[in-house]
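Heads up, the thing below is written out as structure tokens.
Every read-out reported here was derived from the displayed coordinates using simple, explicitly stated rules and does not represent laboratory data. Quick caveat, the model's predicted, so the values are computed rather than measured. Cβ sites come from the backbone with ideal geometry, for glycine too, and all protein chains shown count toward neighbours.
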Amino acid sequence: MEAVAEGLWGLADEFEKKGEIGKAVKCLEAICQSHASFLPIVEVKTRLRIATLLLRHSHNVNHAKSHLERSQLLLNSIPSCFDLKCRTYSLLSQCYHLVGAIPPQKQILYKALHLTSAAAPDVSAKLWCCNFNSQLANALIIEGDYQNSISTLESGYVSATQICYPELQMFFVASILHVRLLMQWDDQTANEVERALQRCNQVWETMPSDRRAHCMGLLFYNELLHIFYRLRVSDYKNAVKHVDKLDAAMKQDSKSRGQLTRFTTTTTTSAGNDSLEPTYFGNAKRALQDKLFLAPPPINGEWLPKSAVYALVDLMVIIFGRPKGNFKECDKRIQSGMLGI
């Protein structure tokens with residue numbers, strides 16, 4: 001029966017490459033609905049694949065959730081399969097998040113963290129620990145539990161530090177700063193925000209310059225948080241420095257994207273049907289180039305919408321440029337921002 005499953009997996013692959021997602025799902029569901037018995041591991045892998053397709057290419061979250069819940073039940077009887085269990089927990093957590101079911105999301109994430117704590121402390125386990133701590137922190141923020149969210153992010157930072165992963169370290173310290181900016185301020189919390197700000201600067205500076213160059217999402221996230229802080233404490237002079245840095249990065253990225261678009265158009269024209277169009281992920285159906293990723297895999301789903309961020313940068317350039325009388329540049333940025341929106 002395993003040969004039958006492999007054949008249907010291969011057929012589903014072909015349908016997915018052609019963009020025929022419905023047919024791909026039907027091929028995979030034929031395994032789950034068969035009267036013949038397949039090994040539990042085969043059914044788990046199949047249901048994971050179905051859920052991934054549904055989450056990437058449709059809005060059918062509940063259908064994906066039902067497959068993942070069935071996978072979780074099957075995995076309970078299998079003592080090994082660490083990676084499959086982690087993938088199932090991660091996707092199921094995302095499903096609960098999308099339908100607004102925060103209590104079951106937290107429950108599945110606590111279970112996932114217990115699994116990683118009991119596993120061998122290798123790189124894979126630490127990366128999954130970062131994933132689950134990130135998702136749990138988001139769930140706690142939704143409930144307004146900021147202190148526990150910060151503690152959870154600190155745990156993620158520790159795991160990232162243990163495997164010497166500066167990009168993930170930066171992701172967690174920036175997220176901690178973000179949460180602190182959301183909280184009510186008094187003298188003590190203001191000092192904690194300042195310390196979180198300095199910590200972001202320290203971690204960012206310790207990253208090698210060649211690695212920072214590939215972290216556009218983290219650059220924008222960090223600088224935006226710095227700007228929000230400076231505006232909140234009415235430190236407009238220092239806020240301008242961060243706006244200028246973001247503006248320069250935005251112009252450089254737009255220039256690079258323009259070159260890539262020309263290359264893509266040329267290649268697509270010369271290659272006939274072999275298009276270089278980006279693939280689409282998730283229900284938002286955003287192109288890959290319109291995402292500013294905040295963290296590498298397996299921190300899934302953590303990104304900023306580039307067009308919205310660029311519109312925000314244009315708005316801040318307008319705010320700081322208008323008092324200086326830069327009306328021509330402000331008008332240009334208004335048009336740019338409106339076009340992005």
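Using only Cα atoms and rounding to the nearest 10 degrees, what angle (0 to 90) does helix 2-17 make with the longest principal axis of the chain? Roughly 40 degrees between the two axes.
Let me spell out the model: positive unit charges on the Cβ of Lys and Arg, negative unit charges on the Cβ of Asp and Glu, origin at the Cα centre of the chain. What dipole size does that give, in debye rounded to 20?
On the way: 38 positive and 33 negative charges, 142 e Å.
Result for the chain is approximately 680 debye, rounded to the nearest 20.
Sequence-distant contacts, meaning Cα pairs under 8 Å at least 6 residues apart, place the relative contact order of the range 120-207 at 25 percent. Applying Stokes-Einstein at 37 °C and 0.692 mPa s to the Kirkwood radius of the range 120-207, computed over alpha-carbon pairs, gives a translational diffusion coefficient of 249 µm² s⁻¹.
Between the residues I31, L8, L53, the greatest Cα displacement towards the positive end of the dipole of the range 1-58, with unit charges on the Cβ of Lys, Arg, Asp and Glu, is found for L53.
Given axes a ≥ b ≥ c from the Cα gyration tensor, I'd like to know whether the range 1-106 is rounded (a/c under 1.5), prolate (a/b larger than b/c) or oblate. Walk me through the numbers on the way to the answer.
Working: a/c = 2.16, a/b = 1.22, b/c = 1.78.
Oblate, because a/c is 1.5 or more while a/b does not exceed b/c.
Might you report the magnitude of the Cβ-based charge dipole of the range 1-106 about its Cα centre, with Lys and Arg at +1 and Asp and Glu at -1, to the nearest 20 debye?
Values: 13 positive and 10 negative charges, 70 e Å.
Taking the Cα centre of the range 1-106 as origin, the dipole is about 340 debye.
Shape call for the range 72-224 from the C-alpha gyration tensor, a ≥ b ≥ c root eigenvalues: rounded (a/c under 1.5), prolate (a/b greater than b/c) or oblate?
On the way: a/c = 2.24, a/b = 1.43, b/c = 1.57.
It comes out oblate by the Cα gyration axes.
Going by C-beta contacts inside 10 Å, put M338, M170, M183 in order with the fewest on the left. Don't jump to the answer; show the numbers that get you there.
Values: M338 10, M170 27, M183 15.
Least to most surrounded, the residues fall as M338, M183, M170.
Set the Förster radius R0 to 25 Å, insert the Cβ-Cβ distance between E2 and L73 as r into 1/(1 + (r/R0)^6), and round the FRET efficiency to 0.05. Don't jump to the answer; show the numbers that get you there.
Values: r = 21 Å, r/R0 = 0.85.
Step by step, r from the Cβ atoms, then E = 0.75.
Spatial offset of the range 173-245 relative to the range 1-51 amounts to 46 Å, using the alpha carbon center of each. Rounded to the nearest 500, the helix-only mean residue ellipticity at 222 nm of the chain stands at -25500 deg cm²/dmol, with each DSSP H run of n ≥ 4 adding -39,500 (n - 2.57).
Which whole-number percent is the relative contact order of the chain (Cα, under 8 Å, 6+ apart)?
On the way: 356 pairs, mean separation 37.4, N = 341.
Result for the chain is 11 percent.
By the count of neighbouring beta-carbon atoms within 10 Å, fewest first, R47, R212 end up ordered R212, R47.
If the convex hull of the alpha-carbon atoms of the chain is projected onto planes in all directions, what is the mean projected area in square nanometres?
Values: hull surface 81.6 nm².
Mean projected area for the chain: 20.4 nm², to one decimal.
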